[in-house]
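Here is the structure we will look at.
The values are calculated or read from the model by the stated rules, or taken from the named source; none is laboratory data. Only a predicted model underlies this, so the values are computations on that prediction, with no experimental measurement involved. Here Cβ is always computed from backbone atoms with ideal geometry, including for glycine, and neighbour counts include all displayed protein chains. These area figures cover heavy atoms from the full protein model, side chains too; ligands, DNA and RNA do not enter into them. Shrake-Rupley method; radii C 1.70, N 1.55, O 1.52, S 1.80 Å.
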Amino acid sequence: MTRLVLITGTGRSGTSTMSGTLHHLGLTVPGPFLGANDSNPKGFFESKWAVRFHKRIIKAAGLHDMDGRPDAFESAQSQIRPADRRKLVEFLGKHAAGVDQVVVKDPRSVWAQQLWKGAAEDAGLDIVFITMLRHPAEVIGSRATYYASSLEARQRRSYEIFNLVRWINHSLLSERQTRGESRAFVRYTDMLDDWRPVLSGLREGLGLSYAVDIAQDHTAVDDFIDPDLRRLRVTWDDLDVPESVRTLADEIWTALNTLADHGGDDAGASTRLDACQARFEELFDDAASIAHDAVQEARIEGRRLGAAEARAEIEAEMRAEAAAAERRDGLDGFGGRELLSALMSRVTRRVRRRPGG
């Protein structure tokens, strides 16, 4: 039976390194891929089709790619349609034809891992999961370096905090959704230090096979994996995040490492992660309550700006209509007062139809 390898993990955790390694070992990684850039000079080995597929669900649910809200998963599930499963089955059938192993990598798959499992079953594939692990301080430091380098100190602190919350939510969700499945957790640093024992373990634990003898002195993977890719060695001391959030992230990190050391299955680690989930939800609710007035102010301001935008838009429409009417047959019977009345009526209807209006 053809095997589907679904690679996940938070952004900047080494998912591209794992996907590229499996590509160089002869597994099928469907392209075309996202292009390389300064943040990932070796390439992403990430299917553009999979990215578009996940982004459709994420956008419809009103989520960020790595959303930090505990209820984000339920929002994503509400936007998954029967047609999505059919599209996945078609995609898998196309790329699995005539091959033994297909690899799909996208951190956004965290919102649809069970959807991939169902589609794999429909397509007659056996699915396994590989979750890449990287210490949260390094993940946040890497993201801040490449995506928030221009922010001033207060903005950067905010960026670090909400991205750490996203790491927490993503890590808890991915573990919970793959629990009981055939899976492995792989530390990014282990791949950089010596990839051969890691891939040997995946061969034994997940039943992967390689077209290349990994015992060779030199392979394409040795040219691909560059230890210098770990350009950022960030610790908690380099970040400015609340102790309560940092402590929770540390506990999750410790439990995930236990799973990495025990072939992806450890009852004690899963129990601790469930406890972390409960604490995270409580912490999130407390933060939302603290920020209540600020959130309300933002909502009111959003409605005000939305109404102003609608008025400006409709004023332009009305001026165009009036000008057209004047060119056609003048403005007889349609004076300024009537124009204003029509304008306000249309603005009211438009604003009421807007979300939050």
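Looking for something within 26 Å of V128 (Cα to Cα), surrounded by 11 or more Cβ atoms within 10 Å (Cβ to Cβ) and at pLDDT 95 or above - is there at least one such residue anywhere in region 283-292? For region 283-292, residues within 26 Å of V128 (Cα to Cα), surrounded by 11 or more Cβ atoms within 10 Å (Cβ to Cβ) and at pLDDT 95 or above: absent. Only one entry in H95, H135 is touching a residue at least 40 places away in the same chain (Cβ under 8 Å) and touching a Pro at 6+ places or on another chain (Cβ under 9 Å), namely H95.
Of K105, K94, all but one fail to be open to solvent by 10 Å² or more (accessible area, probe 1.4 Å), under 23 Å from L125 (Cβ atoms) and among the charged types (D, E, K, R); the exception is K94. None of V139, V110 is surrounded by 23 or more Cβ atoms within 10 Å (Cβ to Cβ), within 16 Å of H170 (Cβ to Cβ), of a type in the set (A, V, I, L, M) and in contact with a Lys or Arg (Cβ under 6 Å, 6 or more places away or on another chain) except V139. Scanning region 259-271 for residues that are crowded, with 16+ Cβ neighbours inside 10 Å and part of a helix (DSSP H, G or I) gives L259, A260, A269, S270. For region 152-160, check the following and say yes or no: at least one residue is among the charged types (D, E, K, R), over 16 Å from the mean Cα position of the chain (by Cα) and outside any helix (DSSP H, G or I). Looking for residues that are among the charged types (D, E, K, R), over 16 Å from the mean Cα position of the chain (by Cα) and outside any helix (DSSP H, G or I), one finds at least one in region 152-160, hence yes. Search region 171-214 for residues being in a helix (DSSP H, G or I) and open to solvent by 60 Å² or more (accessible area, probe 1.4 Å), and hand back the single one that is farthest from T21 (Cα to Cα). Result: R176. The set of residues from region 1-58 being in contact with a Ser or Thr (Cβ under 6 Å, 6 or more places away or on another chain) and modelled with pLDDT under 90 comprises R12, N40, F44, F45. Does T219 satisfy the criteria of being under 30 Å from L125 (Cα atoms) and in contact with a Ser or Thr (Cβ under 9 Å, 6 or more places away or on another chain)? Considered against the rule, which asks whether it is under 30 Å from L125 (Cα atoms) and in contact with a Ser or Thr (Cβ under 9 Å, 6 or more places away or on another chain), T219 comes out as no. The residues of region 113-151 that are at pLDDT 95 or above, under 17 Å from the mean Cα position of the chain (by Cα) and part of a helix (DSSP H, G or I), listed by number, are Q113, Q114, L115, W116, P136. Counting only residues that are over 30 Å from A278 (Cβ atoms) and either more than 24 Å from the chain's Cα centre (by Cα) or not in a helix (DSSP H, G or I) (or both), how many does region 215-255 have? Number of matching residues: 18.
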